[in-house]
Structures are given as C-alpha cells and as structure tokens.
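The values are calculated or read from the model by the stated rules, or taken from the named source; none is laboratory data. All values reported here derive from a predicted model rather than from experimental measurement. A quick note on method: Cβ atoms are made from the backbone with ideal geometry, for glycine too, and the neighbour counts reach across all protein chains shown. For the accessible areas, the whole protein counts, side chains as well, though only heavy atoms, and no ligand, DNA or RNA atoms are used. Shrake-Rupley method; radii C 1.70, N 1.55, O 1.52, S 1.80 Å.
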Amino acid sequence: ASGTSGGSSGSPVVDGRGKVIALNAGSRTRAASSYFLPLHRVVRALELIQAGEPVTRGTVQATFVHTPHDELRRLGLSAADEAAARARFAQGSGLLVARRVMPLGPADGLLRPGDILLSINGTALDGFVEMEAIFDDSVGKPLVFSVLRGGAPLELTIPVENLHSITPDTYLEAGGAILHPLSYQRARTYNVPASGVTLATGGYVFDNAGMGRGAVFLEIDGRPVPDLDAVQAVLEG
C-alpha cells in the first residue's frame, strides 16, 4: 500500500534501511497501490550487459497466475499433492496456474487454462522468478512441463520461443500514419496470434478511412500483409 506519482516507472524502491528492494512498475490512480518488479531478473540483465552478452528472454506465450492452495483444491489438487507442495515450499502459499494460452503460440493445443504447474524439466517451482529464469535460459529448446489437469498428472513438451522475436523494434511511417508489428502484449488484449501489423497512429490516410488506433491489418488492396515489408510494398505501389 503505497502511492507513486506518474513518471516514477523504473525508479528504485528503497526500504527503511536504504536498501533497494525492487523497481517501480506502475500504480493505480484511484487507490494508494503501486506495483513493483523484483530485482532478480534485473540483476541478471545488468550482469549480461556488463559482460557484453545478449539478454535472452524466453516465452511459451501463456499467462500464469499465482493461486492459493484453497483455490487449487477446486482445480483438482489432491491432499497429498498439497502436502508435498507445502513441505517443499515452506514459505509458499500456492502454485502457478495457467490462465491464458495464446492462439498459435508454442503452448497452444498443449497447455490449457486451469492447468496447475508443478515443475519444469524436473525443477519444482511455485513462483514467477524461478519460471522466468528457466524460460530465459532455454530459448529455442523444448521444456517438459509437469502439470495437474483436473487432478490428473500430465507431462507436456513445449518449445520456448524467443520473446524478442515478437517484440516490435521497428515501425513504418507513411502519410502521417505509424504502423508496427503486432506485439505479444497487444495480441493478448485481442486474444489473436502474435503476428501481423497494427496501426499505432492513423494519420491522414487511415483516419479518413475511419480506421482507429489498434486496428490489425490482414490485407491491403487484396494483398496479404503479414509484416511491415509487405505493407511497404503495397503502399509504394
């Protein structure tokens, strides 16, 4: 319960002893609540940059939520599995559960919403930091997910995708309009595959056509436009 002002994103969060414990990530404007990022992955990124190495980021295009044990029981967690989890993670209060799986992503058709995550490649985990560490170190490799689905144990082999490959790093400006590849984050909002081109600013051309910000292009002039190069080729013609 702490309020931070706009523009504070990325600022260090300091405790009463002057120790940096997190980075400010955002806040709710209607409540005295802010959201902080733990430093584990920040430290890793800094060390890689200092060593001149790339900062790898992995994803299976699935969203997980931390769920307490009482809710896990309703998802099929048995008393024995709960006892084992509590013994393994004495300070823990629950486990991770799949909430959303992106269409055509690496986990599509394998992982399902409601699956309780027990371990990855044999490593038991109950939090996001451990899961992200495994993803970031396994880009391009398959991982074995041990999950409970309706109380039944399953093992799913899911490849880890490069998160940078679905994170826009270029844009196209034409006629006052700005277009860029559809990001993973925006694709989650629409629940569509993380591919294609989206409209960031309409400009003269698309505003006059009645197209709003966020529109996702499938075709222009009857020609498929899966990426910016295709859009540019159509517009140049």
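For region 215-237, a tally of residues being touching a helix residue (DSSP H, G or I) at 6+ places or on another chain (Cβ under 7 Å), loosely packed, with under 15 Cβ neighbours inside 10 Å and assigned to a loop (DSSP other than H, G, I, E, B) returns 1. The single condition among (1) modelled with pLDDT under 95; (2) crowded, with 18+ Cβ neighbours inside 10 Å that Phe128 does not satisfy is (2). When region 201-214 is filtered for residues that are hydrophobic (A, V, I, L, M, F, W, C) and either under 20 Å from the mean Cα position of the chain (by Cα) or surrounded by fewer than 18 Cβ atoms within 10 Å (Cβ to Cβ) (or both), the ones remaining, listed by number, are Val205, Ala209, Met211. Could you list, in sequence order, all residues of region 173-198 that are under 21 Å from the mean Cα position of the chain (by Cα) and of a type in the set (A, V, I, L, M, F, W, C)? Across region 173-198, the qualifying residues are Leu182, Ala187, Val192, Ala194, Val197. Pairing each residue of region 114-125 that is within 11 Å of Leu95 (Cα to Cα) and in a loop (DSSP other than H, G, I, E, B) with any residue that is hydroxyl-bearing (Ser, Thr, Tyr) and open to solvent by less than 20 Å² (accessible area, probe 1.4 Å), provided the two are 6+ apart or on different chains, yields C-beta distances under 9 Å for Leu125/Ser119. Being in contact with a Leu (Cβ under 8 Å, 6 or more places away or on another chain) and either charged (D, E, K, R) or free of Cβ contacts under 8 Å to residues at least 60 places away in the same chain (or both): is that true of Leu182 here? Here the answer is no, as Leu182 does not meet what is asked.
Condition check ((1) surrounded by fewer than 17 Cβ atoms within 10 Å (Cβ to Cβ); (2) among the hydroxyl-bearing types (Ser, Thr, Tyr); (3) over 16 Å from Arg57 (Cβ atoms)) across all residues:
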{"position": "Asn121", "(1), (2), (3)": "yes, no, yes"}
{"position": "Glu132", "(1), (2), (3)": "no, no, no"}
{"position": "Asp137", "(1), (2), (3)": "yes, no, no"}
{"position": "Ser146", "(1), (2), (3)": "no, yes, yes"}
{"position": "Gly150", "(1), (2), (3)": "yes, no, yes"}
{"position": "Thr157", "(1), (2), (3)": "yes, yes, yes"}
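Name the single residue that is most open to solvent (accessible area, probe 1.4 Å) among those in region 79-91 being in contact (Cβ under 8 Å) with a residue 24 or more places away in the chain and under 15 Å from Ile116 (Cα atoms). Here the residue is Asp81.
Arg88 meets all of the listed conditions (1) modelled with pLDDT under 95; (2) over 25 Å from the mean Cα position of the chain (by Cα); (3) more than 18 Å from Ile134 (Cβ to Cβ) but one, namely (3).
Restricting the search to region 14-40, which residues are under 20 Å from Ala133 (Cα atoms) and in contact with a Lys or Arg (Cβ under 9 Å, 6 or more places away or on another chain)?
Restricting attention to region 14-40, the residues satisfying the condition of being under 20 Å from Ala133 (Cα atoms) are 21-23, 25, 36-40.
Correct list: empty.
So, Val65, is that one β-branched (Val, Ile, Thr) and touching a residue at least 12 places away in the same chain (Cβ under 8 Å) or not? Answer is yes for this residue. Scan region 124-159 for residues that are of a type in the set (Val, Ile, Thr) and more than 22 Å from Val43 (Cα to Cα) and the total you get is 4.
The set of residues from region 30-71 being farther than 26 Å from Pro159 by Cα and open to solvent by less than 30 Å² (accessible area, probe 1.4 Å) comprises Ser34, His69. Here Tyr190, Tyr171 are screened, and the one residue that is open to solvent by 80 Å² or more (accessible area, probe 1.4 Å) and touching a His at 6+ places or on another chain (Cβ under 7 Å) is Tyr171.
Selection of region 1-29 for residues being open to solvent by 60 Å² or more (accessible area, probe 1.4 Å) and either within 24 Å of Arg44 (Cβ to Cβ) or of a type in the set (Lys, Arg) (or both) yields Ser9, Pro12, Val14, Arg17, Lys19, Val20, Ile21, Arg28.
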